[in-house]
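In what follows, a structure is listed as structure tokens, so that the remarks can point back to it.
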Amino acid sequence: MVVLINGSFGVGKTTVARLLRGALAGSAIYDPEWVGVALMRLARLVPLKTPGREDFQDLGLWRTSAVAGVRLFRSLVRGPVIVPMTFSRRDYFDEVAAGIRRFDPEVRVFCLKASLPTVKKRLTGRGTQIEGPGADWIARRIVECAEAHRDPHFGEPVDTEGRSAREVCEDVFERLRPSGAEIV
């Protein structure tokens, strides 16, 4: 099984993914953001098909590599592959989700949600600048995510407002498992 955890920057995807990793036997986390960062650095040296873009998700190569990476991890681990990603563009989300469903029809998609003020507070709490010079991209993206994630198409909604990461993990865990065993 593949578990996609969608949500805005700062909503808690990575933290919840780590907690789920500890709760789901044999699971692993695959974070395609690392490939995206590498591709953006590569784009500075080698012209890629979408020059001048500021988001690696705009690169078709990244979307293809995200699916390929999930497939590789799925072939290597016996438990679920947990994939934290931030999608606000429906076409990109659909492309990656459909690619994963071709080899794993059991994919589950959750969308972690919180209010814009909460996301801003969480981001600034971890030291991310969301206002002022150089913060235009993140400021724009968190607003795009807040708007897009109202649509349940982006995943089964999971409210994180006023909840700890452990509570959110337990919620997702309960939705994933058929029996009532305790979370590890």
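Values quoted throughout were computed directly from the atomic coordinates according to the rules given, and no laboratory measurement underlies them. Source: prediction; values computed, not measured. Because the Cβ atoms are built from the backbone with ideal geometry, glycine has one as well, and the counts that use them run over all protein chains shown.
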(message) Give the residue list of trypsin sites (Lys or Arg not before Pro) in the range 63-147 that are DSSP loop and have at most 15 other beta-carbon atoms within 10 angstrom.
(response) R78, R89, R102, R126
(message) Please list 3J(HN,Hα) in residue order for the range 66-80, calculated via the Karplus relation 6.51 cos²θ - 1.76 cosθ + 1.60 where θ = phi - 60°; whole Hz, with x for glycine and proline.
(response) 4, 5, 4, x, 5, 4, 4, 4, 4, 6, 9, 10, 8, x, x
(request) Evaluate the distance, in nm, between pseudo-label points positioned 7 Å from the Cα of A139 and of R102 along their respective Cα→Cβ axes. (result) 4.0
(message) Distances longer than 21 Å among the Cα atoms of the range 108-184: what percent of all pairs is that?
(response) 38
(request) Once you have all Cα-Cα distances for the range 142-181, histogram them in 10 Å bins from zero and send the whole-percent values. (result) 25, 43, 27, 4
(request) Send over the per residue convex hull volume for the range 2-176, Cα only, as a whole number of Å³. (result) 116
(request) Give me the net charge of D31's neighbourhood, meaning all other residues with Cβ under 13 Å from the Cβ of D31; Lys, Arg count +1, Asp, Glu -1. (result) +2
(request) Beyond 17 Å, what share of the Cα-Cα pairs of the range 62-139 is found? Please give it as a whole percent. (result) 58
